[in-house]
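Asker: One structure coming up, written as structure tokens, with questions to follow.
Just so it is clear, none of the values below were taken in a lab; they were calculated from the coordinates. Please read these numbers as outputs of a predicted model, since none were measured by experiment. A quick note on method: Cβ atoms are made from the backbone with ideal geometry, for glycine too, and the neighbour counts reach across all protein chains shown.
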Amino acid sequence: MIDLIFPDGSKRQFEDGVSGRDVAASIAKSLEKRALLIKLDGALYDLDRALPGGGAFEILTRESPEALDTIRHDASHVMAQAVQELFPGTQVTIGPAIEDGFYYDFARETPFSLDDLAKIEHRMKEIVDRDEKIVREVWDRKEAIAHFKSIGEDYKAEIITDLPGDEVITVYRQGEWKDLCLGPHLPSTKHVGKAFKLTKLAGAYWRGDHRNAQLQRIYGTAWASEADLEAYLHRLEEAEKRDHRKIGRAMNLFHMQEEGKGMVFWHDKGLTLWRIVESYVRRRLDAAGYIEVRTPQVLDRVFWEKSGHWEKYRPNMFVCETEEGEELSLKPMNCPGHVQIFNFGQRSYRDLPMRMAEFGACHRYEPSGALHGLMRVRAFTQDDAHIFCREDQIEEETARFIELASSIHSDFGLQRDHIALATRPDVRAGSDEFWDKAESQMLAAARKAGVEPVIYEGDGAFYAPKLDFILKDAIGRMWTCGTIQLDYVLPERLDATYIGEDGAKHRPVMLHRAICGSLERFIGVLIENYAGSFPLWLAPTQVVVATITSDAAEFAQQAAAELRAAGLRVEVDLRNEKINYKIREHSLAKAPVIAVVGRREAEEGKVALRRLGSDGQTILSLAEAVKALASEALPPDLARTAIMSGSASVGAVAEES
RNA sequence: GCCGGCUUAGCUCAGCUGGUAGAGCAGCGGUUUUGUAAACCGAAGGUCACGGGUUCGAUUCCUGUAGCCGGCACCA
């Protein structure tokens, strides 16, 4: 007998060998019909499988969020069956559920076309209608290998061969079709439902290794209901509207062109945004005790050989040659340059920690397929800094950095989801003792800052572990912005030293750190986070003064002049156009505030302020408007200083908002 | 770099099976002085990404190249 504890806390006994379906049926016939899966002590089981024992028992239906992954996984199986029915000779490999859907990787000589997707989708619906029972079978390992080899499924045979020896080999059968799979699965293909859609076609390497064969991957999305599918597709459309490339064009921020692949032409508006971000970060670094430097763009090959980058990254460096036969490279990173400044003259322990920052323009020859708008470019500017310190200062410096970065991210309106601790990769420099120490130092530092990092196994740089900041934007997408990495290697290679209290030479440790990452990418993230509707302090154009009639032109000019004098970025629109037209145009260009002046306002010395996204208006005297907007437009760090110094105008704005 | 797709006016897009292209918006020239998301009229604007081939004839079919888009791999 086994004891099952139900979600309501009640307990019942059942015969050994009872299945989830039997239990469901014993409760209600209708429940049996709706049951898809069983959850027993946290693990999922097929509905028809004999329960391996007692425990916390739950019946999952279509409505259970936990059943969704299985629906998706089954959708991938149904897709694989459809593909093999339509395209005999195609081999199946693996097909998991993923976020929002599923994929399956197929091995096939001729690639699939977009037309094939429609056919496959159609056949999938037929298979769902067939309502094939899905049955779990346990196979003998050797027989399984022999079987899959005999039907030409070499990849499946390879998967079984590589499974640990004690692993139970299970095959799931749906009608004529079967697949090696750990399960669990739904009771029959009907339960996959029809709220799915094949979305994209892609190449993917066998086992994720580019030296292996390339397989054909088909992606799909699947949901418990038609409504969920619709909602998902709608979400995709919304996300597309925020695309920084689209908004960048609409707001005239930047462009790129063929002759400069992965290089950005920043237009005036875009550069304004850049300067706002840069000067804000610079103020924060100044306040946090950093010094700022600038190092050469191009350095001799010998330099990069010394730093070790030439050997490892030569294919990704922009190399040039001079008339005199020197070989030079554009800097792909700032670190070795910073070490040169550290090494210039003698350093004392009193100089440490030395926090050396640079808005460093770097060039890397990224693979063409990696380029993506502002998010991945070949010429970028890092908000880079290196903290040279003693080993016993690592924890303190890392913790301080976490606090600084967190504050800056939140000022930019980005919410932190978590911090990742990326640990030793397979290919790495240094002993296991070194990695043990380095990883525990980073962990301790994070905890000191009050953060429990999520461990990303094997994701560290080859020379050290790192902490990465994973931020969440306004629509819930994750972005990695900001990192801190421990480095014992570079100071050694470039022979950085300081004189300790004991009068002897010591080796400093370097902490590589960035808060934005690259300014290009960070601006891309900001654009998508705000969908171009920036808060006042970030908006390239903060106020547009728009006239209704030419009678108001003179006052509009005066208003603009006073707003500018208060530090605001202002445009004036005196064109002979209807106010409706002007409002529409500037709203589409995402101007946060439109100050409308007509004859009435001009006579009374007032402006009518209209906020982006709302259709109301606030009528203020010009002086009040200047004061209110100027304090609202203060970057968050300056606003905090203003509050501390008790500025009345800031208080007024706080009330208003 | 690899797999698939796309590339037509400044932008967004039409153009069935081959007969050298069309709209809206923007821009330009006029008219309109306007009250909170598109006033009206007019003229203009294209080596249909680039190269080669098939054809009497190619934006359309084939092929090569580039860029971009979606993935994969990469990301010091």
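Asker: Compute the label zone of A:ASP166 within region A:28-70: residues whose backbone N is under 20 Å from the point 7 Å along Cα-to-Cβ.
Answerer: A:43, A:52-53, by backbone N distance to the label point.
Asker: Near A:LYS312, which lysines are there with a Cα under 17 Å away, not counting those fewer than 8 places off in the same chain?
Answerer: Those lysines meeting the cut-off are A:LYS331.
Asker: Using a 7 Å offset from the Cα along the Cα-to-Cβ direction at both A:ASP228 and A:ILE455, what is the distance between the two label points in nm, to one decimal?
Answerer: Those two pseudo-labels are separated by 3.2 nm.
Asker: Among the GluC sites (Glu not before Pro) in region A:43-121, which ones are in a DSSP loop with at most 14 other Cβ atoms within 10 Å of the Cβ? Mind listing them? Numbers along the way, then the final one.
Answerer: Values: sites: A:GLU58, A:GLU63, A:GLU66, A:GLU85, A:GLU99, A:GLU109, A:GLU121; in loops: A:GLU63, A:GLU99, A:GLU109.
Within region A:43-121, the qualifying GluC sites (Glu not before Pro) (loop, at most 14 other Cβ atoms within 10 Å) are A:GLU63, A:GLU99, A:GLU109.
Asker: Would you compute, from DSSP H runs of 4+ residues alone, the mean residue ellipticity of chain A at 222 nm, taking -39500 (n - 2.57) per run and dividing by the full residue count, rounded to the nearest 500?
Answerer: Working: 22 runs with 243 residues, N = 657.
It comes out at -11000 deg cm²/dmol, rounded to the nearest 500.
Asker: Let me make sure I get this right: for region A:402-462, a, b and c are the square roots of the gyration tensor eigenvalues over alpha carbons, sorted descending. Under 1.5 in a/c it's rounded, otherwise prolate if a/b > b/c, else oblate. Which is it?
Answerer: On the way: a/c = 2.89, a/b = 2.04, b/c = 1.42.
The shape class here is prolate.
Asker: Still on this structure, I have one more. Under a cut-off of 23 Å between alpha-carbon atoms, report the lysines in cross-link reach of A:LYS582, not counting same-chain residues fewer than 8 places apart.
Answerer: Answer for A:LYS582, where 23 Å is the Cα cut-off: A:LYS241, A:LYS246, A:LYS269, A:LYS590, A:LYS606, listed by chain and number.
Asker: log₁₀ I(q)/I(0) of region A:401-539 at q = 0.09, 0.18 Å⁻¹, via Debye over equal Cα point scatterers, no solvent, to two decimals?
Answerer: Result of the Debye calculation: -0.34, -1.02.
Asker: Let me know the shape class of region A:191-249, please: from the alpha-carbon gyration tensor, a ≥ b ≥ c as square roots of the eigenvalues, rounded when a/c is under 1.5, otherwise prolate if a/b is greater than b/c, or oblate. Don't skip to the end; give the middle numbers.
Answerer: Numbers: a/c = 3.99, a/b = 1.19, b/c = 3.35.
The shape class here is oblate.
Asker: Another question, if that's okay. Can you pull the percent of Cα pairs in region A:449-506 with separation above 20 Å?
Answerer: Details: 825 of 1653 pairs.
Of the Cα pairs, 50 percent sit more than 20 Å apart.
Asker: Here is a follow-up. Using just the alpha carbons, could you tell me how many Å³ per residue the convex hull of region A:1-122 encloses? Please report the intermediate quantities before stating the final value.
Answerer: Details: hull volume 16.1 nm³, N = 122.
For region A:1-122, the hull spanned by Cα atoms encloses 132 Å³ per residue.
Asker: Let me ask something additional. Roughly how tilted is helix A:553-565, in degrees to the nearest 10 and between 0 and 90, from the longest Cα axis of chain A?
Answerer: Roughly 80 degrees, rounded to the nearest 10.
Asker: OK, next. So how much slack lies between A:ARG12 and A:GLU143, counting 0.36 nm per residue of separation and subtracting their Cα-Cα distance, in nm?
Answerer: Separation in residues times 0.36 nm, less the Cα-Cα distance, equals 43.2 nm.
Asker: Measure nothing fancy, just the Cα-based angle from helix A:68-86's long axis to the longest principal axis of chain A, in degrees from 0 to 90, nearest 10.
Answerer: It works out to around 70 degrees.
Asker: Something else now. With only alpha-carbon atoms in the gyration tensor, what are the semi-axes of the equivalent ellipsoid for chain A, in Å, largest first?
Answerer: In descending order the semi-axes read 52, 37, 26 Å.
Asker: Let me ask something else. What angle do you read, to the nearest 10 degrees and between 0 and 90, between the alpha-carbon axis of helix A:226-241 and the longest principal axis of chain A?
Answerer: It works out to around 30 degrees.
Asker: Inverting the mean 1/r over all pairs of different Cα atoms, compute the Kirkwood radius of region A:1-47 and quote it in Å. Walk me through the intermediate numbers first.
Answerer: On the way: mean 1/r = 0.0901 Å⁻¹.
Kirkwood hydrodynamic radius for region A:1-47: 11.1 Å.
Asker: Given the Cα-Cα distance of A:GLU66 and A:ALA43 and 0.36 nm per residue of separation, how much length would full extension add, in nm? Intermediate results must be reported in sequence, preceding the final value.
Answerer: Working: separation 23, 0.36 × 23 = 8.28 nm, distance 1.06 nm.
This chain segment gains 7.2 nm when fully extended.
Asker: Could you check the simple spin-label distance between A:GLN257 and A:ASP22, using points 7 Å along Cα→Cβ, in nm with one decimal?
Answerer: Result: 7.6 nm between the two label points.
Asker: Using the Cα atoms of region A:64-181 to build a convex hull, what is its mean projected area in square nanometres? Could you put the intermediate results ahead of the total?
Answerer: Details: hull surface 32.5 nm².
Result: a mean projected hull area of 8.1 nm².
Asker: Are there chymotrypsin sites (Phe, Trp or Tyr not before Pro) in region A:448-482 that DSSP marks as loop and that have at most 14 other Cβ atoms within 10 Å, and which are they? Before the final figure, lay out each step's value.
Answerer: Numbers: sites: A:TYR456, A:PHE462, A:TYR463, A:PHE469, A:TRP479; in loops: A:PHE462, A:TYR463.
Sparse-neighbourhood loop chymotrypsin sites (Phe, Trp or Tyr not before Pro): A:PHE462.
Asker: Return the tail of the calculated pair distribution for region A:517-635, meaning the percent of Cα-Cα pairs more than 20 Å apart. Could you put the intermediate results ahead of the total?
Answerer: Working: 2809 of 7021 pairs.
When all Cα pairs of region A:517-635 are counted, 40 percent exceed 20 Å.
Asker: With a Cα-only, solvent-free Debye model of region A:214-350, what are the log10 I(q)/I(0) values at q = 0.12 Å⁻¹?
Answerer: -0.89
Asker: When A:MET79, A:MET510 are ordered from fewest to most other Cβ atoms inside 10 Å of their Cβ, what list results? Mind dumping the intermediate values first?
Answerer: Details: A:MET79 29, A:MET510 26.
Listing A:MET79, A:MET510 from fewest to most nearby Cβ atoms yields A:MET510, A:MET79.
Asker: What is the diffusion coefficient of region A:32-80 in µm²/s, taking the Kirkwood radius over Cα pairs and the Stokes-Einstein relation at 20 °C with a viscosity of 1.002 mPa s?
Answerer: Details: Rh = 11.4 Å.
Roughly 188 µm²/s, to the nearest whole number.
Asker: How far apart, in nm, are two points set 7 Å out from the Cα along the Cα-to-Cβ line at A:GLU585 and at A:PHE462?
Answerer: The modelled label-to-label distance comes out at 5.5 nm.
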